[in-house]
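A short write-up of the structure that comes next.
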Amino acid sequence: MSDFQVAVELGVDLMKDIVAAGYSFLKEKSKARDFWGAATSKYIGGLLERNSTIKVLTMREPQPLEKLFVRANILKDKITAELGLSAEELEKFHDLDRRTFGKIAETVDGELIVNQLQRFIVLGKPGAGKTTYLRYLTLMMLQPFSQIEQRKLPVFVTLREWADRKKPLMDFIVEQFDICGFEEARPFVERVLGNGDCVVLFDGLDEVSQEANQHGIIQEIKDFSDKYGKNQFIISCRVAAYNRWFERFSDVEMADFNEAQIEQFIRNWFHAEPEVGKECWEKLQKSPQLKELASVPLLLTLLCIVYNRSNNFPPNRANLYEEAIDALLRDWDATRRISRDDVYKQLSITRKKSMFARIAWGTFTENMYFVPERILTKQIEKYIEHLPGFKPEELDVDSQAVLKSIEAQHGIFVERAKKVHSFAHLTFQEYFTAKYIVDNAREGTLERLVNEHLYDDKWKEVFLLVAGMLDNAEELFILMERKNNELLKVKEIKELMVVAEGALLKNKSRYPDIVRRDIAIVITLILEYARSQTRDFIIDLDRFFVHEYASIHTRARAQVLDFDLNRALDLRFNYDQVYDYDFVLGLARAHALDLDLNLDILENYVKVNVFPIEILDQLANFLKAKILILNCLEHDAFVSKNIRERILHDRLMVGEE
């Protein structure tokens with residue numbers, strides 16, 4: 001017997017008493033048994049067949065839902081859009097964790113919610129897995145080992161399909177049973193509903209268009225749930241498309257995937273190749289930007305599809321972000337043949353992206369992650385007022401409608417609290433900021449990016465994206481080098497460069513001279529910071545300069561060293577020891593010997609020259625910018641061979657004006 005047949009028999013066994021009670025109106029009990037036997041098997045089999053596999057985006061073939069599914073979590077508190085937080089309060093959370101937009105909310109297991117609520121509407125962002133969640137609950141009703149306490153006969157209603165059929169809800173449901181061979185289907189359905197033995201799952205309220213009389217659909221669901229109130233009712237809808245229509249339903253919101261769920265999903269996806277799944281998860285952990293997208297099930301699916309193509313994520317993340325955004329703007333609805341009401345049909349996909357880019361640039365430049373609705377709609381208004389079809393006197397109404405449509409249909413923006421919005425992910429805001437810079441390079445955006453933000457850590461990802469998105473990134477690199485080399489005019493920095501060159505030992509070291517020279521500067525800088533007892537700067541230097549610079553430069557030059565440079569430069573400091581200059585000096589001495597550096601020269605220089613904190617900061621910025629330039633080069637940036645060689649071999653002479 002196949003696994004499918006076993007599942008059908010288990011489901012039939014769970015539902016047999018409910019079906020038998022539904023046919024209790026028949027006087028001939030033997031006839032009732034004949035009815036429910038084959039018909040129930042067919043109905044249960046149909047439910048399992050329609051809901052037990054999943055195929056989204058560019059998946060080549062359907063995958064078993066139960067093997068791929070990760071238990072959904074439901075937010076424990078009120079839905080996000082109802083939070084009474086201001087933009088300023090949200091910013092405080094954001095400061096704690098930029099990539100997850102701050103506070104991690106408490107959640108409860110999505111399967112256990114079924115045991116607690118008789119009527120609830122599941123709200124979620126596009127791609128949050130609402131339909132998959134309802135389909136999973138359908139399967140769990142038929143699974144004897146699930147956590148659901150009270151079994152009910154599942155009735156799954158795809159609202160878009162029912163709306164298109166233009167028939168009463170009861171007729172539509174009866175038809176589903178009639179198709180499965182239930183004789184006397186109408187009295188049977190009326191009886192099981194009257195007994196309260198069903199769980200009716202209404203999927204995709206947001207997918208019902210205005211043309212299909214959405215108001216009438218909503219009213220009929222309300223009347224139906226009131227008439228058959230003893231049953232359990234579950235509705236799914238995109239959070240931004242919901243307008244609090246169901247007063248007697250509890251509102252719950254699907255939570256984003258947490259780290260454990262992301263890892264589990266990846267392992268489930270690559271269950272046939274566990275080592276590939278392990279490597280995928282490890283590489284995802286190294287990229288906070290991609291990991292941020294992975295919190296959305298649809299985008300995590302896309303990441304798994306992309307990784308499966310070449311056992312890696314592409315070095316140019318901009319291409320991957322573009323694919324993710326297209327999945328939300330176009331592909332997700334298109335693959336399911338959904339045509340939504342579009343209040344901004346005048347905006348093509350290209351125009352929408354252009355508008356998002358303009359908004360991202362304006363907000364990111366102003367350090368604004370959470371935008372009050374009045375400001376965001378004004379920005380939308382400024383963009384659409386130049387497009388044909390929008391009347392000046394209606395712009396305010398139009399901009400409000402456009403914002404709601406963007407949030408409901410695409411999930412590019414989300415409402416973080418009542419009338420406070422943000423990009424769904426910091427990654428999207430960074431990507432669209434970079435897109436604006438690239439699209440408007442002729443207007444001087446590259447110069448402004450470099451001159452104003454080269455040393456700002458917040459803009460690092462934007463620099464990387466711009467480098468990868470430009471058809472030719474030479475101008476960007478020239479601007480970055482020119483800006484950074486201005487610091488060489490600082491007397492103390494110029495002197496230190498000369499001292500670092502003089503600290504190099506041996507003509508033929510196994511390490512590149514440029515790497516050794518810059519690490520000599522780093523060691524000197526660490527010693528200076530240790531003398532001034534600024535602990536945070538030491539730890540920051542260790543993380544950003546010593547490890548990152550050496551490994552990046554080594555990779556960039558495609559050199560395979562016979563020594564673990566990262567391990568050799570492991571200058572991590574215990575918090576209790578960080579103020580101990582002698583301890584720092586001891587570590588530096590051991591690593592300087594490994595690197596063929598004359599530490600005495602550096603130590604003597606530090607003893608004689610005590611840099612003010614302003615100079616230390618400038619020197620730190622100089623090194624950070626060099627790391628950023630190398631990072632940009634690695635980010636699939638296109639430059640001529642001459643420019644690339646100059647960057648990698650650092651041909652610029654110390655003190656060159």
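Out of curiosity, is P274 touching a Lys or Arg at 6+ places or on another chain (Cβ under 8 Å) and without any contact (Cβ under 8 Å) to a residue 12 or more places away in the chain?
Working: touching a Lys or Arg at 6+ places or on another chain (Cβ under 8 Å): yes; without any contact (Cβ under 8 Å) to a residue 12 or more places away in the chain: yes.
When the stated conditions are applied, P274 passes them.
Report yes if Q232 is touching a residue at least 12 places away in the same chain (Cβ under 8 Å) and of a type in the set (S, T, N, Q), otherwise no. The answer is yes for Q232.
Quick one: in segment 404-427, which of the residues that are modelled with pLDDT of 80 or more and in a helix (DSSP H, G or I) is surrounded by the most Cβ atoms within 10 Å (Cβ to Cβ)? Filtering segment 404-427 for residues that are modelled with pLDDT of 80 or more and in a helix (DSSP H, G or I), the one surrounded by the most Cβ atoms within 10 Å (Cβ to Cβ) comes out as T427. For K506, the conditions (1) at pLDDT below 50; (2) in a loop (DSSP other than H, G, I, E, B) are fulfilled apart from (1).
Only one of the listed residues (N598, N604, N642, N609) is out of contact with any Cys (no Cβ under 7 Å at 6 or more places or on another chain) and either under 17 Å from R517 (Cβ atoms) or acidic (D, E) (or both). That residue is N598. For segment 286-305, the set of residues classified as polar (S, T, N, Q) and either within 15 Å of P315 (Cα to Cα) or not in a helix (DSSP H, G or I) (or both) consists of S287, Q289, S295, listed by residue number. Scanning segment 354-386 for residues that are within 19 Å of K419 (Cα to Cα), among the polar types (S, T, N, Q) and assigned to a helix (DSSP H, G or I) yields T363, T377, Q379. If the condition is being assigned to a helix (DSSP H, G or I) and at pLDDT below 80, then segment 206-220 contributes Q210, E211, A212, Q214.
Among the residues of segment 164-186, write down those that are modelled with pLDDT of 90 or more and part of a helix (DSSP H, G or I).
At the first step, the residues of segment 164-186 found to be modelled with pLDDT of 90 or more are 167-175, 186.
Of everything in segment 164-186, those that are modelled with pLDDT of 90 or more and part of a helix (DSSP H, G or I) turn out to be L169, M170, D171, F172, I173, V174, E175, R186.
Contact map, segment 593-620: first residue free of Cβ contacts under 8 Å to residues at least 24 places away in the same chain, second residue in a helix (DSSP H, G or I), Cβ cut-off under 7 Å, separation 6 or more or different chains; the map is empty.
Please work out if E66 is among the charged types (D, E, K, R), part of a helix (DSSP H, G or I) and either at pLDDT below 85 or crowded, with 16+ Cβ neighbours inside 10 Å (or both).
Details: among the charged types (D, E, K, R): yes; part of a helix (DSSP H, G or I): yes; either at pLDDT below 85 or crowded, with 16+ Cβ neighbours inside 10 Å (or both): yes.
Criteria met by E66.
The values are calculated or read from the model by the stated rules, or taken from the named source; none is laboratory data. Quantities reported herein were computed from a predicted structural model and do not represent experimental measurements. For neighbour counting, all protein chains shown are included, and Cβ atoms are generated from backbone atoms with ideal geometry for every residue, glycine included.
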